[in-house]
Each structure stands twice: as C-alpha cells, then as structure tokens.
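Q: First, the structure itself, so that you have it in front of you.
The values are calculated or read from the model by the stated rules, or taken from the named source; none is laboratory data. Small disclaimer: the values here were computed from a predicted structure and weren't measured. Calculation scope for accessible area: heavy atoms of the full protein, side chains included, ligands and nucleic acids excluded. Shrake-Rupley method; radii C 1.70, N 1.55, O 1.52, S 1.80 Å.
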Amino acid sequence: MSKLRLTLACWDYDRTRALADGRVTPEGVDLNLLPMEVEETFFRMLRNREFDAAEMSLSSYCVSLTREAPPFIAIPVFPSRFFRHSCIFVSAKSGIREPAQLIGKRVGVPEYQMTAPVWIRGILADEYGVDPASVTYFTGGEEEPGRQEKLKLNLPDRFKVTPIGPDKTLSQMLADGEIDALHTARAPSTFYSRPEDVRRLFPDFVSVEKAYHRKTGIFPIMHVIAIRREVYEANRWVAQSLFKAFAEAQRITYDNLRITAAMTSMLPWQVAAVEEAVSELGSDWWPYGFAKNRRVLEAFVRYHHEQGLSPRRFEPEELFAPETFEAFKI
C-alpha cells in the first residue's frame, strides 16, 4: 500500500534536520520537505495554500481561525521560539531610554499581525505598562519597500495603524528618526550600518529575558506547524504521525547538543550554553506538546485578543488537532 505523499515547507532548523535527511520518517507518510526561509513559507502558505503542511506564524494562524471556513489546523510543534526583548529597536533621535517612553510614539512594524510584535506589545503592556493602543504603528517593508499585511485585518478603531510610503523602508526611517522605534523579528540593517543612530531598547537583553522567564515561566512561541484542513480531514491520523516525527527529530538534536566529544555546532561554548539552558529552563527547554505549553499559549491568545487581532479570546485547545492532546499508554 502506498504512503500518503505530503509536501512540508519548513526552515532548515537543527531540530527538523532528521526529517529533511530521512533519519526520521512520519508513519504512513512519504514526506517531501522544502527548506525555505520563514517569510517565503508564510507568504506562500497563507496566500496560496501551496503546501500540504507548513511552518506558520502563530499569530497568522490565529487570524486564520477567525475566518468563516478556517483553512488550517495546527499541531503543537513549535519550531521557532524566541525571547523578543532583543528585538525592540529605537532611534537615537527619539531620546527613548525606558520602555514607558514609547507611549505616544511612532512605532514601526513590518506587519501588525506578526507574532514577534504581538509578543513584544504584550510584554510591554504586562511588564512596563505600555498600552498597545497608546502608540501609532507604521507598517511596511523593513528592508524592501512595498510589504503589505499577508492577511486582511479588521482592527478596532483604538489601534492606529498606517502603511508607510511605497518607497520607504522601516530600517531607513528608524535611522533617520522618521519613526521612534521598531518592533520586529529581524534586526534592521541600520542597527549594524548606522550604530550611532539605531540601538536596542534593552542593550543587556539576555539578563532582562532571563529575569522575564524566571518571573513568568514563559519562553515565547513564534511558529507552529499547520496542516491544510482538507488534508487533515481526509487523513485524521496524519496529525499524530507528524507530531511524533517532529518530536523524534527534536530528541536527536537534544542528544547531539549534549555530546562533549565533538560539537555539532560552530558555537565555541556550545556545552556551556546547553548547561545554562538546562539550568534556566529545565532539561526539556524547548517543549513540544499541548500540556507543557498551556501557560505560554494562554498568554499569547490573551495578547492576540487584547490587540484587536481576534474578536474573542480563543481557548488554547481550539488551536490544535485534538488527536495530538494525548497518546496511548501501556
């Protein structure tokens, strides 16, 4: 009997490499894995639904669930996680030194609905009292003009969101002082080319992020794995099959990172980094699965609703295929 042929688009992560090279194969699936940068994957999946399954922005996925016929269903696999304090950049011309000084300012964001800015706005609100509606947002390409929201949004009037000009980029505008700050996933090029004009709001971001995790227990989730709903409905078993395969590929990476005879990455202090991660976040510092991530997901769906991106606050259970919530026991 032939296997189900599935095309999966996902970036080339260490934790997915065993799926790409065939060391791990999902049960019943002939997997065609396309390694793509995340922006291309998101654009092609959200606009054209080109793949059977794909890595997807958690926020974009939640926006898709608000549609009359939601086109995707996710599994609780999180290929990307990121503490985002390091991704708040400010213009030297703004004079901003403290988070509270963002209130009333002009803030750039490539897309309002991006996951990284959702987390940034939520953290700024919870930890520093910066209401997401207290600033004016400017959207557009960070490095290339013409970027637009991948999904049409219907935001409440209290959120002020304005596209930048067709020839402008947020990176340049930040350095020139046309915007005061930037919430983003990628560091703007002017942070490196014009360091006198662009800086991080939190220069010592590692210590700030560790303190945030110790206080909240949250390691922010950025991306999920989403399956086209018609593929899932025709093959309900595929959700558990893919979940198990992603978990096994991740286990291989966990094991390899702990090997001290030879390092699997080019990081000189990989061993120390692993030991620090375990000390701060526990032995399963990048957990997959629903139960282990409920706290993180509850924070995110609250932020998503508070920021006008979902008309109601989702329950975390609504985000995932129910087949992935539990497994058999012997």
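Q: At 1.4 Å probe size, what's the solvent-accessible area of Phe205? Round to the nearest 10 Å².
A: Only protein atoms counted, so the area is about 50 Å².
Q: For the range 22-139, treating each Cα as an identical point scatterer without solvent, what Debye log10 I(q)/I(0) comes out at q = 0.13 1/Å?
A: Here the Debye-derived log intensity ratios amount to -0.66.
Q: Using a 1.4 Å probe and counting only protein heavy atoms, arrange Trp285, Trp269, Trp119 so the residue with the most accessible area comes first.
A: Trp269, Trp285, Trp119
Q: How do Glu276, Glu111 stack up against each other in accessible area, from largest to smallest, with a 1.4 angstrom probe?
A: Heavy-atom accessible area, descending, gives Glu276, Glu111.
Q: Taking Cα pairs under 8 Å and at least six residues apart, what relative contact order does the chain come out at, in percent?
A: 25 percent.
Q: Please count, across the chain, the pairs of lysine residues with Cα atoms under 24 Å apart that sit 8 or more places apart or on different chains.
A: 16
Q: Right, another one. Ignoring everything but the protein chains, give the 1.4 Å probe accessible area of Lys215 in square angstrom, nearest 10.
A: About 140 Å², rounded to the nearest 10.
Q: Could you please state how large a percent of the accessible area of the range 201-330 is carbon and sulfur, counting protein chains only and using a 1.4 Å probe? Intermediate values should be presented prior to the final figure.
A: Numbers: 4060 of 6870 Å².
Roughly 59 percent, rounded to a whole number.
Q: Tell me, what ³J(HN,Hα) does each residue in the range 20-28 have, in order and in whole Hz, if you take phi through Karplus 6.51 cos²θ - 1.76 cosθ + 1.60 with θ = phi - 60° and put x for Gly and Pro?
A: Once rounded to whole Hz, the list reads 5, 8, x, 5, 10, 10, x, 4, x.
Q: With both bridge residues required to lie in the chain, what share of the DSSP beta bridges run antiparallel, to the nearest 5%?
A: 45
Q: If I ignore ligands, DNA and RNA and count only protein heavy atoms, how much of His305 is accessible to a 1.4 Å probe, in Å² to the nearest 10?
A: Roughly 70 Å² of His305 is accessible to a 1.4 Å probe.
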